[in-house]
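Q: Starting off with a structure, shown below.
The values are calculated or read from the model by the stated rules, or taken from the named source; none is laboratory data. Quick caveat: nothing in here was measured; it's all calculated off a predicted structure. Don't worry about glycine lacking a Cβ; one is built from the backbone with ideal geometry, like all the others, and counts go over all protein chains shown. Side chains included, ligands, DNA and RNA excluded: accessible areas come from the protein's heavy atoms. Shrake-Rupley method; radii C 1.70, N 1.55, O 1.52, S 1.80 Å.
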Amino acid sequence: MTWKVFIDGEVGTTGLQIRERLTARSDIELVSLGEDRRKELSARADAAREADVSILCLPDAAAKELVAAVGPDEAKFIDASTAHRVDPDWVFGFPEMDAGQRARIASARRVSNPGCWSTCAIALIRPLVAARVIDPANPPSISGVSGYTGGGKAMIAEFEDGTVEGSFLYAAGQGHKHLPEIALHGLLGAVPVFVPSVGQYAQGMAVAVHLPGLGADGMAAAEAALQSAYADEHFVSVVPAADHAPRVMPQILNGTNRMELSVHGNPESGAVTLIAVLDNLGKGASGAAVQNMNLMLGADESAGL
């Protein structure tokens with residue numbers, strides 16, 4: 001069987017990565033528009049209607065515009081923007097999030113692709129809230145580092161033309177666009193403090209969730225909760241303490257759709273840090289979109305990944 005897929009925004013960073021994953025597949029036929037029609041709403045809407053699934057790699061406003069132009073029963077969408085990640089009418093596209101999420105994605109007509117930062121944070125926080133290791137009323141603080149490709153074309157240009165030199169922190173004013181989805185899908189009762197950073201390298205991400213005062217028992221409970229949540233997962237795994245490296249390298253999973261979680265801490269002080277690593281353009285963006293697409297089409301979930 002061959003399915004038709006339309007990537008709206010296929011020349012952007014995420015779109016190009018999705019296209020690369022799909023072009024080699026014999027079961028996928030890409031619906032493409034000529035350069036002169038890529039910004040034409042009616043042409044994009046027609047392409048979405050023709051496709052079995054459309055993947056939106058667009059700014060929020062453009063994603064909303066296209067969805068509004070197509071009737072609710074005329075097309076299936078995966079939206080890689082932030083526009084619909086907390087919209088109750090859209091299914092959150094993180095298949096490993098809980099036991100029923102795959103089925104919800106498979107039967108959905110509207111799926112919102114998670115952000116890279118939120119994929120890591122939710123993967124760490126949600127199972128611990130469910131296991132009562134984290135109090136949802138007292139959310140943990142979050143930090144991390146990503147390669148500059150996570151900032152899209154503008155940030156890539158800044159780093160590659162020398163406008164930006166070195167790494168930097170950002171969003172310290174607590175207005176990061178992923179915070180609403182982290183709070184909602186992380187089952188938190190309040191928004192966490194989150195200060196991310198961008199490193200002077202292209203691709204790869206490590207996110208840390210900090211739990212002061214958890215203690216040795218809490219540390220063991222945290223690892224047990226993560227192991228239980230992801231025991232049968234293909235793309236998400238928990239690294240046992242015996243296998244921890246002295247340094248957590250954010251680029252170690254580049255080129256994959258995998259995410260690795262680990263629990264670190266000091267039993268004496270009681271401080272614990274949870275860490276998630278993924279490719280911000282893989283499981284953090286394009287790979288996740290392809291995984292969701294496979295589920296919506298009824299294809300092998302790991303096809304092209």
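Q: In the list GLY282, GLY304, GLY287, which residue meets the criterion of being crowded, with 19+ Cβ neighbours inside 10 Å, in contact with a helix residue (DSSP H, G or I) (Cβ under 6 Å, 6 or more places away or on another chain) and under 25 Å from SER146 (Cα atoms)? Explain how you work it out, then say what you get.
A: On the way: GLY282 fails: in contact with a helix residue (DSSP H, G or I) (Cβ under 6 Å, 6 or more places away or on another chain); GLY287 fails: in contact with a helix residue (DSSP H, G or I) (Cβ under 6 Å, 6 or more places away or on another chain).
Testing whether each residue is crowded, with 19+ Cβ neighbours inside 10 Å, in contact with a helix residue (DSSP H, G or I) (Cβ under 6 Å, 6 or more places away or on another chain) and under 25 Å from SER146 (Cα atoms) leaves just GLY304.
Q: Oh, and also: Which ones in region 1-41 are of a type in the set (S, T, N, Q) and open to solvent by 70 Å² or more (accessible area, probe 1.4 Å)?
A: Passing the criteria: THR2, THR23, SER26.
Q: Next up: Filter region 53-77 down to the residues that are buried (at least 18 other Cβ atoms within 10 Å of the Cβ) and touching a Leu at 6+ places or on another chain (Cβ under 7 Å), then identify the one that is farthest from GLN17 (Cα to Cα).
A: By that ranking, first place goes to LEU66.
Q: Among residues belonging to region 205-261 that are in contact with an Asp or Glu (Cβ under 8 Å, 6 or more places away or on another chain) and part of a strand (DSSP E or B), point out the one that is most open to solvent (accessible area, probe 1.4 Å).
A: By that ranking, first place goes to SER237.
Q: Might you let me know whether region 236-253 holds any residue that is in contact with a Gly (Cβ under 8 Å, 6 or more places away or on another chain) and under 19 Å from SER118 (Cβ atoms)?
A: The answer is yes, given that some residue of region 236-253 is in contact with a Gly (Cβ under 8 Å, 6 or more places away or on another chain) and under 19 Å from SER118 (Cβ atoms).
Q: Quickly run through region 262-276 and pick out the residues that are in contact (Cβ under 8 Å) with a residue 40 or more places away in the chain and open to solvent by 10 Å² or more (accessible area, probe 1.4 Å).
A: Let us first name the residues in region 262-276 that are in contact (Cβ under 8 Å) with a residue 40 or more places away in the chain, namely 263, 265, 267, 270-276.
Of everything in region 262-276, those that are in contact (Cβ under 8 Å) with a residue 40 or more places away in the chain and open to solvent by 10 Å² or more (accessible area, probe 1.4 Å) turn out to be GLY265, PRO267, ALA271, THR273, ILE275.
Q: Output the qualifying pairs, or none if there are none: Cβ atoms under 7 angstrom, residues six or more apart or on different chains, first residue in region 217-245 and touching a residue at least 24 places away in the same chain (Cβ under 8 Å) and under 23 Å from PHE94 (Cα atoms), second residue assigned to a helix (DSSP H, G or I) and open to solvent by 50 Å² or more (accessible area, probe 1.4 Å).
A: VAL238/GLN227
Q: Then there is this: With the structure loaded, tell me whether GLY265 is under 19 Å from SER143 (Cβ atoms) and either assigned to a helix (DSSP H, G or I) or in contact with a helix residue (DSSP H, G or I) (Cβ under 8 Å, 6 or more places away or on another chain) (or both) or whether it fails that test. Spell out how you get there, then give the answer.
A: Values: under 19 Å from SER143 (Cβ atoms): yes; either assigned to a helix (DSSP H, G or I) or in contact with a helix residue (DSSP H, G or I) (Cβ under 8 Å, 6 or more places away or on another chain) (or both): yes.
The answer is yes for GLY265.
Q: From the list ASP89, ASP46, pick out the single residue that is without any contact (Cβ under 8 Å) to a residue 24 or more places away in the chain, touching a strand residue (DSSP E or B) at 6+ places or on another chain (Cβ under 8 Å), open to solvent by 60 Å² or more (accessible area, probe 1.4 Å) and not aromatic (Phe, Trp, Tyr). Spell out the reasoning first.
A: Values: ASP46 fails: touching a strand residue (DSSP E or B) at 6+ places or on another chain (Cβ under 8 Å).
When all the criteria are applied, what remains is ASP89.
Q: For residues that are at pLDDT 95 or above and out of contact with any Gly (no Cβ under 8 Å at 6 or more places or on another chain), tally how many sit in region 160-182.
A: Matching residues across region 160-182 total 3.
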